[in-house]
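*Asks:* The structure under discussion is supplied below as structure tokens; questions concerning it will follow.
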Amino acid sequence: MARVMLIAILAAAAAGCRSEEPSSPPPETAASAPRALQAVEPAPWAQDVTRRPVLRWRLPTAIQSPQMVSVRLVQVGQMPDPRQEAGQEKVVALASGLAETSPTELDLFSPPAQAVLTGDVRDLTQLEAHTWYRWHVRVIGDGEAAAADFYFRTRLEDAAPAAPARTP
């Protein structure tokens, strides 16, 4: 009896196997689309993030045509867990006007022309080393709004190697 069951299971498994190439992933459906803002890059709680990050997120399904998108970047500090230790938080950047040109992405060091970017980031070439940052995204659409906070920690190394010194 056990042998018959084993043969039946193996036959069923073999019948379900295909040798054709895998198909592309199905388009995003309402069931798989995000219901809340989601961080794409850097991933939530990512560590060793480049010191010149490009922030990327997914919009919730209820807000696919946003009217207002803003991002705030806060330097939290160099502690082990930024949620448990109150540090000297400092707003490093505030970007608004992203809805038209870049509703799901912000390059802090090369923002879109229509965006308004304020804060210390305008005078920086990269973020501080080995430091926790919190980024806050706020999106407003037709009768809907969403906001979320995400954390990441930068790496020790510079984002780009320094230019070689010129010899006279």
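Read-outs throughout are calculated quantities, based only on the coordinates presented, and are distinct from any laboratory measurement. Keep in mind that this is a model prediction, so the values were computed, not measured. Reconstructed Cβ throughout: ideal geometry from the backbone, glycine too, with neighbour counts over all protein chains shown.
*Asks:* What is the extension gain from GLN64 to SER110, computed as 0.36 nm multiplied by their sequence separation minus the C-alpha to C-alpha distance, in nm to one decimal?
*Replies:* Gain on extension, GLN64 to SER110, equals 14.1 nm.
*Asks:* Around SER96, with a cut-off of 13 angstrom between Cβ atoms, what is the net charge of the other residues, counting Lys and Arg +1 and Asp and Glu -1?
*Replies:* Value of the local net charge: +1.
*Asks:* Continuing with the same structure: How would you rank 91-103, 72-84, highest first, on the average number of other Cβ atoms within 10 Å across their residues?
*Replies:* Peptide ranking by packing, descending: 91-103, 72-84.
*Asks:* I've got another one for you. Only residues of the stretch 123-150 count here: report those whose backbone N is under 20 Å from the spot 7 Å along Cα→Cβ of ASP158, or say none.
*Replies:* What the label zone holds, given the 20 Å backbone N cut-off, is 123-131.
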